[in-house]
Structures are given as C-alpha cells and as structure tokens.
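The values are calculated or read from the model by the stated rules, or taken from the named source; none is laboratory data. Just so you know, these numbers come straight off a predicted model, no measurement behind them. When we count neighbours, we look across all protein chains shown, and the Cβ atoms used for this are built from the backbone with ideal geometry, even at glycine. For the accessible areas, the whole protein counts, side chains as well, though only heavy atoms, and no ligand, DNA or RNA atoms are used. Shrake-Rupley method; radii C 1.70, N 1.55, O 1.52, S 1.80 Å.
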Number of protein chains: 2
Amino acid sequence: MTYCLSLLCREGIVFLSDSRTSAGVDNITIHPKMRIYAREGDRVLCLLSSGNLSLTQSVAELIEADMAESGPEGALPCLLNRPSLYETVRYVGEKVRFVRGQDGPAMKGEDLDFYGNFILGGQIGGQPPQIYRIYSPGNAIHASRESPFLQIGELKYGKPLLDRAFTFDTPLDEAVRCGILSLDATAKSNVSVGTPFEVFCYEAGTLDVRRRAVLHDNDPWLREVRDTWDAGLIELVRKLPSPPF
Amino acid sequence: MTYCLSLLCREGIVFLSDSRTSAGVDNITIHPKMRIYAREGDRVLCLLSSGNLSLTQSVAELIEADMAESGPEGALPCLLNRPSLYETVRYVGEKVRFVRGQDGPAMKGEDLDFYGNFILGGQIGGQPPQIYRIYSPGNAIHASRESPFLQIGELKYGKPLLDRAFTFDTPLDEAVRCGILSLDATAKSNVSVGTPFEVFCYEAGTLDVRRRAVLHDNDPWLREVRDTWDAGLIELVRKLPSPPF
C-alpha cells in the first residue's frame, strides 16, 4: 500500500510520501514514490505515485526517456518543456494511458488491480503554484483554496487531521507538520504504509529545490514530533469535559 | 454508510453508533443502529449493526420474534436465554445466515452488496464482559486486552485516534470521549456518517442499563467536546518542533 499527499498553501506546496510497497504481506519492499524534476529558475515539478508498481515505474521511465531525448529546449514534448502545469499534467496522463493500453489487456484475468494514481504539482515561471491528481484513465483534477490538499493511496486514516488542522492559509512549516502527522497516523494504523517518509517543501516563487528530507524511523525530529503528538493527544482527551450521562 | 464501534475496558464497555443510512447520496435517512436488550440483574446485551439495512433489520425482527415467543425462561433459544456470550453470538450468527440464505439468491445480479456486520457485547451474570464482531457468514471474533476495540462500517477515519489514545486500561469516562472523537472524526470526513450519535456506557458488574445518550448536533456536551478538540489539535500542531530542513 502507499500513501502520498500534497498540501497547497498560500506560501507554497508540501509534498509527502511513504516508501513501502507490498505485493502481499510477505513481500514488502521499499521504493521511492516521489520524483522531483526541476530546472532552476524555470520550473519545479514533483510527481507522487501510487498503485501498481510496474505501471508507475513504466510511466516514470517513459517520462525520463522523453526528457533525455528531447532536453528542455527540444521539439519533442517532455515533462520539462510544457507551457503550463495543466499541459504537463495532460502529458503525464497520456503516458499513463499508454502504459495501461500496452500492458492492460494482458492483465485481464490476472486478478490484480492494474491502476496507477499520481499527484503532480509545482510551479512554472510566474504561473501560480498548483497541484493535480491524475487518475488511471489519464484525466485529472486540481486542488483549490477550499479543498487545498490531495491524497492518493491509503487516504482515510490521515484525512481527519487535515480536515481539522489544515487550510490554504496554514503557514508552510505548519503544513509540513500536518502532513507528517497525516502520514504517521496512516503508518501507525496500516502496517503496509511506512518509513522512510519523503518530504519536499516548495516555497512559492523560488523555482528551486531547497527543502527536502528523507525521514527514517530513527530521525530525531520525527521521533520528537511523534512523542510530543502522542503525549499531547492523550492529555487533550483527558482535558475534554466529562460526559454528563 | 455507517460507523459503529465498541471499546472494551477494565471498567466496562462503551458502545457507539452513528444513525445515518444511505442508499445513494440522494437517499439519506436516519435509522438507529444500536439495540439494547437487558434483563436487570441477569444480563445486558448491546447489538450494533452495519451493512444492508433490510438484512440488519430482518435479523433484529427475527431476534425479537424469538424473544416474544420464548421469553427468558422459555425452551426456544432466544437472545436473552443463551448460557454465555459466545452462545449468544452464535445464535445471532445463525440469524444472519438465515436471512442471507433467504434473500441472498434473489439479490444475485442486483449489483448491490448484501452483507451485514454486527458487534454484540455485554455481560451475562458473573461472566466477564466481552465484545464480539459478527461477520456476514455468521462467524465471529472477540476483542482482547491487546486489541480492545472493534469497529464496523466506515472504520478508517476514526482508527488513528483509538490507536494512540485508547487501551484496555483507559478509564470508562475517557473511553467515552475517545469513542465520541472517533465517531466525530468519521462524520467530519464522510458526509454519509452523521448524528445523532448513540452512546451506551456499560459499567462492568452492574448488569443494568444506566448510562445511555442520544447526541444530536446541538447537544451542548458534544459541541463543547468538538470545540475543545478542534482548538486543542490546532494548538498542538503549532507547538510541535519546526522541521529542521
């Protein structure tokens, strides 16, 4: 299982992913699900993926092959030369369609889900930062000020915290904390979601990759966040008014 | 959708349920999903249900018909005269099997899920209090000190809080608060789960129904719990250490 999310804020975007992949409980491996593609001063893009690993890896291979062949200025469409985020999202959607068309028919009757979900976000030039969720058929939706976060994979465990504590106006540092708590709640409740957690915190307007981390279980900051959160939650439950019945 | 849960503590058992039933988003109605059957001084049983409403209502009708025909001392097996909780659970499981066998074949091809899940718990005489989850095929599992809560229906949103804040040794009043928070997190994240919330707090050894409430959205205690929790959570996120990256 996988859990990836992206939080769109006034100050920028936070991208987060776990790194656990399972093909049954007896076959759990670690694969990165976050890919960052950037051209400093021009654009920063972050791609998160969930679903069938052969599909999501194939999509990434095709994207990277196009980049190698075309280059940013090349005539061939590639991830780093589309004129807008929307066109970039359409481009990724086409790759998803291509791989599903290529491998999907042979999957029929294999009793497995051959789907892939993606989040693509970032900023191109002076255009506003935005995040999109790309579905298996290649279609996509974007976030908004009213619905400022997108999730893929095992999304339910980590949603209540975001519903209560995160808005478009949440400061970027606080959004990082909300995202980590959402990821950690999921990892605690579903053993197939786990560390290392990858985090990329994009500051709007910088067009550069500056704040990025891979957090393992023994990361001191992650441990402090967990311990403070656990103790604080229990204390908060204790301080709630007693039931009058 | 439905969300019901039961928390087994050293001091007793908390049962909770929402009251919303949906047959599509344009057909949402309110139906109680908690049924309490008691014989003061002898036994207290609480049945929670989720799944297909015609199935869960049929099961309840059959249980109540047996009770009316047999009475507690009667020869006919009924919910209130089984020698143990385990036998009571088996009895309910048989009713579920009966209804599925009766209506299931005609459901084939109707493109709907004809399943029902139940939680049955309580105490009989001097036997220890216990809670069971009964599955659609009629089989069941019980809680333990290590896994002291059971959930049915829309269970993911409300699980992280229980995983962090609830144990078998949590005092009963605090367990009520944990349960309400779990239910409220679910209602906030899934519009098909909603108030009124029903709560039954059984104190071990009393063999009596004393603490019971139906909480509507305007209930002053529920509102105070929500407001305190919302403000406390946001404050707690703010107090977490800042990310070092």
Using packing as a proxy for protection, rank A:96-102, A:156-162 so that the peptide with the highest average count of other Cβ atoms within 10 Å comes first.
A:156-162, A:96-102
Report the accessible surface area buried between chains A and B, summing both sides, using a 1.4 Å probe on protein heavy atoms only, in Å² rounded to the nearest 100.
4400 Å²
Taking a ≥ b ≥ c as the square roots of the eigenvalues of the Cα gyration tensor, with a/c under 1.5 meaning rounded and otherwise prolate when a/b exceeds b/c and oblate if not, the stretch B:1-119 is oblate
Can you give the angle from 0 to 90° between the axis of helix A:220-239 and the longest principal axis of chain A, with both taken from C-alpha atoms, to the nearest 10?
50 degrees
Using the 7 Å Cα-to-Cβ label point, sort the distances from B:Glu110 to its equivalents in the other copies shortest first and give them in nm to one decimal.
3.6
Accessible surface of A:Leu155 in the full protein assembly, 1.4 angstrom probe, to the nearest 10 Å²?
40 Å²
Name the residue from A:Gly194, A:Pro243, A:Ser144 whose Cα lies farthest towards the positive end of the charge dipole of the stretch A:144-245, charges +1 on Cβ of Lys and Arg and -1 on Cβ of Asp and Glu.
A:Pro243
As a test of the formula, what do you get for chain A when each DSSP H run with n ≥ 4 contributes -39,500 (n - 2.57) and the sum is divided by the residue count, at 222 nm and rounded to the nearest 500 deg cm²/dmol?
-12000 deg cm²/dmol
For the stretch B:144-162 and the stretch B:34-109, write down the distance between their C-alpha centroids in whole Å.
23 Å
Using only the alpha-carbon atoms, how far is helix A:53-70 inclined from the longest principal axis of chain A? Give it as 0 to 90 degrees, nearest 10.
50 degrees
For the stretch B:178-198 and the stretch A:212-245, what is the separation of their Cα centres, given in Å?
21 Å
Reciprocal mean inverse distance between Cα atoms of the protein assembly as shown - Kirkwood radius, Å
24.7 Å
Suppose every Lys and Arg Cβ carries +1 and every Asp and Glu Cβ carries -1, with no other charges. What dipole size does the protein assembly as shown come out with about its Cα centre, to the nearest 20 debye?
120 debye
Take chain A, mark every one of the GluC sites (Glu not before Pro) that falls in a DSSP loop and has at most 13 other Cβ within 10 Å, then report the longest stretch left between them, sites excluded.
A:147-245
Fluctuation leader among B:Leu80, B:Leu62, B:Leu183 - chain B, Gaussian network, Cα springs under 10 angstrom
B:Leu62
How much area per residue is accessible in the stretch B:3-239 when the probe is 1.4 Å and only protein heavy atoms are counted (Å²)?
42 Å²
When the gyration tensor of chain B is built from Cα positions, what are the square roots of 5 times its three eigenvalues, in whole Å, from largest to smallest?
32, 23, 16
Magnitude of the Cβ-charge dipole of chain A, K/R +1 and D/E -1, about the Cα centre, nearest 20 debye?
500 debye
Once you have a ≥ b ≥ c as the square roots of the Cα gyration tensor eigenvalues for the stretch B:77-216, tell me rounded if a/c is under 1.5, and otherwise prolate or oblate according to whether a/b is larger than b/c.
oblate
Got a sec? Which residues of the stretch A:168-201 lose 50 Å² or more of accessible surface with every protein chain in place, vs. that chain alone, 1.4 Å probe?
A:Glu174, A:Arg177, A:Lys188, A:Ser189
Peptide-level mean, for B:151-160, of C-beta atoms on other protein chains within 10 Å
5
Return the carbon/sulfur percentage of the accessible area of the stretch B:119-163, one whole number, probe 1.4 Å, all protein chains in place.
52 percent
Nearest 10 degrees is fine. How inclined is helix B:172-189 to the longest principal axis of chain B, computing both from alpha carbons?
80 degrees
